[in-house]
Amino acid sequence: MKKAAALLVLTMTVAFAGCGSTPQADGTSAESNADLEAGTEVSEAQDSEGEDVLADGVLTVGTNAEFPPFEYVGDDGEPDGFDIALIKAIGDKLGVEVEVENMEFDSLVASIGSKIDVAIAGMTVTDERKNMVDFSDSYYEAVQYVLVPMETGIAAAEDLAGKTIGAQLGTTGDIMIEDFEGATAKQYNKAVDAVNDLIGGRLDAVIVDKNPALVFADKFSDQIQYMDFSFEPEDYAIALPKGDTALADAVNGALAELKSDGTFDELVSQYIEN
Ligand code: GLN
């Protein structure tokens with residue numbers, strides 16, 4: 001398992017070396033690594049740089065399984081959903097086992113490099129997060145929706161001014177609330193708890209990503225509805241340790257393969273369009 005992973009990384013390093021690679025930290029270039037003939041020498045070199053998180057054969061992945069259909073707790077009590085299936089398929093391509101850690105959304109980014117190797121959680125690429133982590137190629141386009149009660153005076157984004165608005169702590173929906181003048185932000189560890197407060201009349205609105213918004217609006221269709229105010233589109237990507245280009249190349253390579261072999265589209269129809 002370990003060897004297979006190292007060889008795959010080697011193959012990808014070679015593949016990427018051909019299209020203009022970046023110099024390595026120790027001053028050697030990826031091209032000179034590619035020139036080495038024995039795979040073991042290369043994997044030792046990578047180990048000594050402390051970069052090869054795949055070398056132990058396990059990719060530890062953080063998520064927050066409170067974001068259907070991307071991640072939720074399945075009937076067996078284990079995290080399931082589009083993101084979980086996607087990262088497992090990436091693990092298969094890379095020849096490593098995927099172990100999923102369910103944690104608070106707000107601690108995912110800070111845990112990369114210690115508790116977890118990478119995070120997949122319907123996470124939007126933002127400049128602020130890019131100060132702490134790198135992102136894979138984007139795999140899904142999203143947008144924030146607004147959930148409101150059936151009886152509401154909110155019909156446009158401007159109407160959110162002065163309102164009490166709920167969101168999951170640390171999400172792009174949460175960060176957006178300050179854009180609405182005089183609005184009061186209420187933060188929750190789980191979006192569904194915000195939805196419960198909306199139903200209970202303790203909030204005027206909840207801001208949450210489109211696909212979970214559709215799931216919640218469908219689940220509580222007698223009490224709440226969703227609104228699309230055409231906010232800025234967002235891109236979901238996998239959060240990766242900063243500066244680990246070998247891992248980023250491996251993950252992006254696997255993602256590209258899953259897109260071209262049809263697996264990605266199958267997962268979209270199984271988990272999202274279903
Ligand atoms: N896309 C949003 C963000 O990245 C929400 C993600 C989530 O709640 N899992 O902040």
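The residues in region 41-64 that are in contact with a helix residue (DSSP H, G or I) (Cβ under 8 Å, 6 or more places away or on another chain) and either modelled with pLDDT under 95 or not in a strand (DSSP E or B) (or both) can be counted, and the count is 12. Going by the conditions given, is Glu181 surrounded by fewer than 20 Cβ atoms within 10 Å (Cβ to Cβ), modelled with pLDDT of 95 or more and charged (D, E, K, R)? Yes. Would you confirm whether or not region 187-194 contains a residue that is in a loop (DSSP other than H, G, I, E, B), away from the ligand (no atom under 16 Å from the Cβ) and more than 16 Å from the chain's Cα centre (by Cα)? Checking region 187-194: not a single residue is in a loop (DSSP other than H, G, I, E, B), away from the ligand (no atom under 16 Å from the Cβ) and more than 16 Å from the chain's Cα centre (by Cα). Within the option set Ala142, Ala161, Ala156, being more than 21 Å from Val53 (Cα to Cα), of a type outside the set (Asp, Glu), touching a residue at least 60 places away in the same chain (Cβ under 8 Å) and surrounded by fewer than 17 Cβ atoms within 10 Å (Cβ to Cβ) holds for one residue only, Ala156.
The set of residues from region 65-99 being assigned to a strand (DSSP E or B) and within 14 Å of the ligand (Cβ to nearest atom) comprises Glu66, Phe67, Glu71, Tyr72, Val73, Pro79. The C-beta contact set for region 208-225 (first residue touching a residue at least 24 places away in the same chain (Cβ under 8 Å) and within 16 Å of the ligand (Cβ to nearest atom), second residue small (Gly, Ala, Ser) and part of a helix (DSSP H, G or I), distance under 8 angstrom, 6+ apart or interchain) comprises Val208/Gly173; Val208/Ala191; Val208/Ala194; Asp209/Gly173; Pro212/Ala191; Phe216/Ala191.
Do we find a residue being more than 30 Å from Leu255 (Cα to Cα) and either of a type outside the set (Gly, Ala, Ser) or more than 16 Å from the ligand (Cβ to nearest atom) (or both) anywhere in region 228-235? Yes: one or more hits. Consider Leu214 carefully, then state whether it is assigned to a helix (DSSP H, G or I) and crowded, with 19+ Cβ neighbours inside 10 Å. When the stated conditions are applied, Leu214 does not pass them. Only one entry of Lys163, Lys210, Lys190 meets the criterion of being charged (D, E, K, R) and over 21 Å from Val125 (Cα atoms), and that entry is Lys163.
The values are calculated or read from the model by the stated rules, or taken from the named source; none is laboratory data. Please read these numbers as outputs of a predicted model, since none were measured by experiment. Methodologically, a virtual Cβ is constructed for each residue, glycine included, from the backbone with ideal geometry; neighbour enumeration extends over all protein chains shown.
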